[in-house]
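The values are calculated or read from the model by the stated rules, or taken from the named source; none is laboratory data. These numbers were taken from a predicted model, which means no experiment stands behind them. In this analysis, Cβ positions are derived from the backbone assuming ideal geometry, glycine residues included, and neighbour counts consider all displayed protein chains. Areas reflect the complete protein model, heavy atoms only, side chains present, ligands, DNA and RNA absent. Shrake-Rupley method; radii C 1.70, N 1.55, O 1.52, S 1.80 Å.
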Amino acid sequence: MTDGYRQQPGKGSDVRVDGKRVAGKLRFNPPGSGGSRPEMKERDLDFIPELEGGNEAQPAGSHLHDKYRTGTTVGKRTPLVDANAKVTGQAWYGDDVRLPNEIIGRILRSPHHYAKVISIDTSKAEALPGVLAVSTGEDAPQKFGVLPVTKDEHAMAVEKVRHVGDLVACVAAVDEATAREAVSLIKVEYEILDAIHDPKKGLLDVDEPIHWRGKYHIGSTNVQKRVFQEFGDRSKLDQSSATHHGKWKFMGVNHGFTEPHAVVAHWDSNGRLQLYTPQQVPHYAHRALATVLDVPMHQVNVIRTYVGGGFGGKSDPFPHEMCAAILARKAGRPVRITFDREEVFWVNRGRHPSHIEVEMYADDDGRISGFEIDALIDGGGFASFGHVTSYYNGVLATAPYELGSFHYTGARVWTNKPASGAMRGHGAVNTRCAIEVGLDDMADQLQVDPIDLRLANLLPPHSKTITGFRITSNGMRQALNRVREGSGWDEKFRKMPLGKGIGMGCGFFISGSGLPIHWDPNNFPHATVHIQIDMDGGVTVHTGAADIGQGSNTAVAQVVAEVLALPIEMIHVRSHESDTSPVDLGSYSSRVTFMNANAAISAALEIREELLNSASNILEIPVEKLILNDRRIYSKRNPSEGVSYLEALHKSQEDKGALIASGAYRTPPMGGVHKGAAAGLAPAYSFSAYVAEVEVDVETGLIKCTDVWAAHDCGKALNPLAVEGQIIGSCHMGLGQVLSEQMVYGRTGHLQNPNLLDYKIPSVHEMPNVTPIIIESCDPEGPFGAKEAGEGPLLPILPAVVNAVYDAIGIRVNDLPLTPDKIWSAITKKMKLEGIDDPQNLPPPRLDFSELQEKLAARSSEHNDRDVRRQRAEDTEPYINGVLFGFDPNTPPEEQDGDWKISVKPTSEQLDNLRLAGSAWSKIEQRKMEDGK
Amino acid sequence: MVGEEHVSMLPQAPTKIWKAEVNGRQNEILAPSNAILLDVLRDKVGTLGVKRGCDMGTCGCCTVMIDGVPRLSCLTMAFEVQDSKITTVEGLSEGAHLAPIQQCFAEHGGSQCGFCTPGFLIVSQALLNENKSPTDQEVSCAIEGNLCRCTGYQQIIESIQAAAAINRGDVEPAKPASEAHSNPHPSGPN
Ligand code: FES
Ligand code: FES
């Protein structure tokens, strides 16, 4: 063994000690030496679409990027471009940044749930030898927040602390021990206020709401956001032949990324802030830093380190980032703040604890006549992404099914807990679980197979949902069919012995959000990518997309490599620094592949054109007759007539030097006009269907998920290796939420498990066998047809497991996670009710098909043909939600039927019978009170 | 830190000379007698590939090999392992060459965000040193103390099995996505 790892092959041989080749090594001859040897790899026809003369099947039709496929990397299992750094320990995460002269920062956190800060005495801390800076809220009075409409955070407490763990003050000292001691020397006087822990209490008027929003405040409650939506015809719901009523409780869950937050701040000699942070969205942190520190944005350089997992938990601008910058400014030295695991739970931003009620209706044709959803979500102490979450809990339930009506009431309340925020599957996960379980129950009542019930109610490709989302590609049907086959569903469902069960669920998620969160200036693109090629031929790609482990650098490198027909080793993605990367809205909402790869393609196309023109000049062959392949451009007819990539490049560089191109992506205009129409709008949507098999021990209530068949429609898998990794990883995370993970708040409201021992993330032994199935529906606007694969795959696992548990023991528990104690008490309750004395005698559910089953099967096979034609653009008739109910797709349904409504505010009659979250609408906004309305 | 109790962290424990071989290099380092191995490795030896995920033995990111046995460096006192041989992730590669286990983690998706990877690499290398042909169950038992939030473990197990196969000489290592080219800029005869 020798010391360290040398990236550059040195004098040694390029053959490994054991006689094997060196990893991914690409030897380079001196630049300019190309052009004389005809050796080149053959075109890889297996990865060139059949319509372009290759062998890659295209069941979903052609794509506008097909002609740029060169068979280089797209569709191939490609290791991450930064994998070598990760497996050699060279990847530098937040805490690995070591600057000369750095000092250590620590944060003093509130021990109280809710209190006024009367005074802070830092004199003793300041006097401690080794302490270089102490700071409190006074130093940073500016508010910030991830969404411009809800800025409600401070770097440190100004006037109030809002949850245990809220920041009060911070200290920087020569080492950690001194910093810790200094923190303990700060004396704070608090006046304790009445804390709220139960989100239901957040709906009530109180004396001291956690935040005050002035004239926009809703009564004097703690309601941060309320949503009301009503679409379609709800007048005939009481004539339904199946109804489901589910009242759900979801505990909050944390992202549980392995890397705790860490930040290093340094003011350089020109007075610019250099901030190193593992951020998913460096740009938002950049904006917030400029505001809080009161410096222009160009005086701040945000450097994204490697990110040890994000999942939404590193996408807010964080107060500790401000603290580090403030301390560094005061001390005049670089400051590093690293969290311990407990602090990760204090900043949280995990999935909202929720109370969700769903009512669902189906008519005697097995059509879904209505979804009624009410979601009360517990936002904790701050707004974070909550404004959006409040919408997502409803609107992301409007597909993939065609609905007769849709009604959603939602409210997000502040409570005195660490803030909830965005987490993988943002806002969609809990509601999705509730409605997919509801569909299972309705299928039972209608005595039909739940897969057939779904297949007969799907929206086709190129259609519009009830709230006006534009669906483009849609692989839901294939996904359902594939998991049905793969799992042997028809032989197992409702046929297995007690304790063994199989269940399914579907998912639907956005692939990028239609409106950027910050939309000033108005026509700003969502993503921009710059490409630069100098005479050495290496391609530098600048993008602001944050690689958080999902492989966004790899995806961007792949599409550039594909378009330019260069080995991926020649593409160098620079995405670390805001100084050099174009502004990008970061890694959230599953937007990166879709938007950044699109921007990268358009930049690469510019370069491609220049190269082709130069080659055409040299060869005197028209551009259309040239093809690119493996660092060479040559005549289609006679491959020996050609130039090397370098030759063409150098020709293009004549008189101007490096080739530079910029590409941008913006979503097309779309969506409805009602209030909140933009929430949930996306340029494309992903679809997924899972089947899970479980074993339930009826004696103990312990659930073991053994197998999962996971089909996900990601449009086109640019990198199947990464897509499968995302699918399996999503299963893992979702399985945690459904079986074991929860943030437990005790009776006094204190978080009882802020550590990874008591917060139970599934270990390798709890993981089922996952069979990832990739569905490629070829999205017309996606890069090479691709859509998201990072978040959507999480949704279906929860309902699939809950439904499988029902199949195994005939019991539905609507309270996640399904820990053994809950299952066991449900079993005992059922035994008592039905007079069973041994749990082994519980009757597992069985199913006899009704006549409807055949009707559904017939309808779904009819729809199958329709969908295939629409997918391949052979049928381009418009299709809107409602066609299944007899509406004409060419006119909006509200114009066809007087009972068909669109409303985003309750009428006064509706105000009288609102459900839980809906009751937030019974309060009046302050400004309306003043108006006397 | 939550709370306002005054905790005196000073004076520090007296310093002593800590001796150990890290990745084949002898180290003599002055460290407080109560120093934790993880801190010494990260802050003094400079092997930043050893990660701190929880500091309480629950995540496995800090795993290092001590005399061939994987141990959690966050729960190990530095002086407890005085004079031992320590291997961190930085010591796995063979000079310029990735060890098969590293190669396979990269090629089979065993590493996504990569933060857990150093720990996994160490436990799997330790397993493969002992057991040339582990079953999937044995692999699971070896990595059960390590947490990965990204991969769902499946591709990690595949990576380890692939490395085992290479070590046994059963298979050639997989080729990278694009082959190594002898001449990066080939061209036609003109
Ligand atoms: S840091 Fe040692 S186990 Fe987590
Ligand atoms: S790769 Fe991210 S935690 Fe394992």
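Tally up the residues in the stretch B:55-73 that are near ligand 1 (Cβ under 6 Å from one of its atoms) and either open to solvent by 10 Å² or more (accessible area, probe 1.4 Å) or among the charged types (D, E, K, R) (or both), please.
4
A:V643 versus (1) under 40 Å from the mean Cα position of the chain (by Cα); (2) in contact (Cβ under 8 Å) with a residue 40 or more places away in the chain: which is the lone unmet condition?
So A:V643 meets the others, but not (1).
Within the stretch A:83-97, count every residue that is part of a helix (DSSP H, G or I), open to solvent by 10 Å² or more (accessible area, probe 1.4 Å) and either out of contact with any helix residue (DSSP H, G or I) (no Cβ under 8 Å at 6 or more places or on another chain) or within 16 Å of ligand 1 (Cβ to nearest atom) (or both).
Quick first cut of the stretch A:83-97, residues part of a helix (DSSP H, G or I) only: A:83-87, A:94-96.
Next, from what is left, pick out any that are open to solvent by 10 Å² or more (accessible area, probe 1.4 Å): A:84-85, A:95-96.
From what is left, the residues that are either out of contact with any helix residue (DSSP H, G or I) (no Cβ under 8 Å at 6 or more places or on another chain) or within 16 Å of ligand 1 (Cβ to nearest atom) (or both) are A:85, A:95-96.
The number of residues fulfilling the criteria is 3.
Check the stretch A:276-284 and report whether any residue there is farther than 25 Å from A:P525 by Cα, crowded, with 24+ Cβ neighbours inside 10 Å, within 16 Å of ligand 2 (Cβ to nearest atom) and polar (S, T, N, Q).
No: zero hits.
Let me spell it out: the conditions are (1) farther than 27 Å from B:E130 by Cβ; (2) within 13 Å of ligand 1 (Cβ to nearest atom); (3) not polar (S, T, N, Q), and B:L30 meets all of them except one. Which number is the exception?
B:L30 satisfies all of (1) farther than 27 Å from B:E130 by Cβ; (2) within 13 Å of ligand 1 (Cβ to nearest atom); (3) not polar (S, T, N, Q) except (2).
Would you check if A:P59 is out of contact with any helix residue (DSSP H, G or I) (no Cβ under 7 Å at 6 or more places or on another chain) and at the interface with chain B (Cβ under 7 Å from one of its Cβ atoms)?
No: the conditions fail for A:P59.
Just one of A:Q752, A:Q726 is open to solvent by 10 Å² or more (accessible area, probe 1.4 Å), closer than 25 Å to A:A397 by Cα and not aliphatic (A, V, I, L, M); which is it?
Values: A:Q752 fails: closer than 25 Å to A:A397 by Cα.
Answer to the check: A:Q726.
Need the failing condition index for A:H244 against (1) touching a residue at least 24 places away in the same chain (Cβ under 8 Å); (2) in a loop (DSSP other than H, G, I, E, B), just the number.
So A:H244 meets the others, but not (2).
Just to check your reading of the model, which residue among B:G24, B:G68 is away from every other protein chain (no Cβ under 11 Å) and not basic (K, R)?
B:G68
Go through the stretch B:93-148 and count every residue that is among the polar types (S, T, N, Q), touching a residue at least 24 places away in the same chain (Cβ under 8 Å) and facing chain A (nearest Cβ under 7 Å).
Within the stretch B:93-148, residues that are among the polar types (S, T, N, Q), touching a residue at least 24 places away in the same chain (Cβ under 8 Å) and facing chain A (nearest Cβ under 7 Å) number 4.
For the stretch A:168-193, what are the residues that are part of a strand (DSSP E or B) and either in contact with an Asp or Glu (Cβ under 8 Å, 6 or more places away or on another chain) or within 11 Å of another protein chain (Cβ to nearest Cβ) (or both)?
Matches in the stretch A:168-193: A:V168, A:A169, A:C170, A:V171, A:A173, A:K187, A:V188, A:E189, A:Y190.
Looking at the stretch A:881-912, which of its residues are touching a helix residue (DSSP H, G or I) at 6+ places or on another chain (Cβ under 7 Å), open to solvent by less than 70 Å² (accessible area, probe 1.4 Å) and not charged (D, E, K, R)?
Those that are touching a helix residue (DSSP H, G or I) at 6+ places or on another chain (Cβ under 7 Å), open to solvent by less than 70 Å² (accessible area, probe 1.4 Å) and not charged (D, E, K, R): A:G882, A:F887, A:P889, A:W900, A:P906, A:L911.
Okay, residues lined up against (1) touching a His at 6+ places or on another chain (Cβ under 7 Å); (2) not in a helix (DSSP H, G or I):
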residue: A:H863; (1), (2): no, no
residue: A:R870; (1), (2): yes, no
residue: A:A873; (1), (2): no, yes
residue: A:N890; (1), (2): no, yes
residue: A:E895; (1), (2): no, no
residue: A:D899; (1), (2): no, yes
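Since A:E357 meets every condition but one in (1) open to solvent by less than 20 Å² (accessible area, probe 1.4 Å); (2) assigned to a strand (DSSP E or B), which condition does it not meet?
Of (1) open to solvent by less than 20 Å² (accessible area, probe 1.4 Å); (2) assigned to a strand (DSSP E or B), only one is false for A:E357: (1).
Among (1) open to solvent by 20 Å² or more (accessible area, probe 1.4 Å); (2) in contact with a helix residue (DSSP H, G or I) (Cβ under 6 Å, 6 or more places away or on another chain), where does A:A290 come up short?
(1)
Can you say whether A:R106 is under 30 Å from A:S184 (Cβ atoms), within 9 Å of chain B (Cβ to nearest Cβ) and open to solvent by 50 Å² or more (accessible area, probe 1.4 Å), as far as the supplied structure shows?
Numbers: under 30 Å from A:S184 (Cβ atoms): yes; within 9 Å of chain B (Cβ to nearest Cβ): yes; open to solvent by 50 Å² or more (accessible area, probe 1.4 Å): no.
So A:R106 does not fit the description; no.
I need the full set of residues from the stretch A:595-612 which are surrounded by fewer than 22 Cβ atoms within 10 Å (Cβ to Cβ) and either of a type in the set (V, I, T) or in contact with an Asp or Glu (Cβ under 6 Å, 6 or more places away or on another chain) (or both), in order please. Reasoning before the result, please.
Restricting attention to the stretch A:595-612, the residues satisfying the condition of being surrounded by fewer than 22 Cβ atoms within 10 Å (Cβ to Cβ) are A:602, A:605-606, A:608-610, A:612.
Residues satisfying the conditions do not exist here.
Between residues in the stretch B:72-85 that are more than 14 Å from every other protein chain (Cβ to nearest Cβ) and among the charged types (D, E, K, R) and residues that are more than 16 Å from ligand 2 (Cβ to nearest atom) and outside any helix (DSSP H, G or I), which pairs lie under 7 Å by C-beta distance while being six or more apart or on different chains?
Between residues of the stretch B:72-85 that are more than 14 Å from every other protein chain (Cβ to nearest Cβ) and among the charged types (D, E, K, R) and residues that are more than 16 Å from ligand 2 (Cβ to nearest atom) and outside any helix (DSSP H, G or I), the close pairs are B:D83/B:K19; B:D83/B:A20.
Could you identify the single residue in A:L702, A:L735, A:L721, A:L757 that is more than 18 Å from the chain's Cα centre (by Cα), touching a residue at least 60 places away in the same chain (Cβ under 8 Å), within 14 Å of chain B (Cβ to nearest Cβ) and on the phi < 0 side of the Ramachandran plot?
From the options A:L702, A:L735, A:L721, A:L757, the qualifying one is A:L721.
Give me the residue from the stretch B:112-135 that is of a type in the set (A, V, I, L, M, F, W, C) and away from ligand 1 (no atom under 16 Å from the Cβ) and, out of that set, least open to solvent (accessible area, probe 1.4 Å).
This residue is B:L128.
Among the candidates A:A546, A:A600, A:A615, which residue alone is within 14 Å of another protein chain (Cβ to nearest Cβ) and within 22 Å of A:V302 (Cβ to Cβ)?
A:A546
Looking at B:G109, is it assigned by TED's automatic domain parsing to the domain that holds B:I143, crowded, with 20+ Cβ neighbours inside 10 Å and out of contact with any Pro (no Cβ under 6 Å at 6 or more places or on another chain)?
In short, yes.
What do you reckon, is B:S159 hydroxyl-bearing (S, T, Y), at pLDDT below 95 and either more than 10 Å from ligand 2 (Cβ to nearest atom) or not assigned by TED's automatic domain parsing to the domain that holds B:V64 (or both)?
Details: hydroxyl-bearing (S, T, Y): yes; at pLDDT below 95: no; either more than 10 Å from ligand 2 (Cβ to nearest atom) or not assigned by TED's automatic domain parsing to the domain that holds B:V64 (or both): yes.
It is false that B:S159 is hydroxyl-bearing (S, T, Y), at pLDDT below 95 and either more than 10 Å from ligand 2 (Cβ to nearest atom) or not assigned by TED's automatic domain parsing to the domain that holds B:V64 (or both).
Looking for whichever is within 16 Å of ligand 2 (Cβ to nearest atom) and β-branched (V, I, T) here; the options are B:V69, B:V45, B:V22, B:V50. Which one fits?
B:V50
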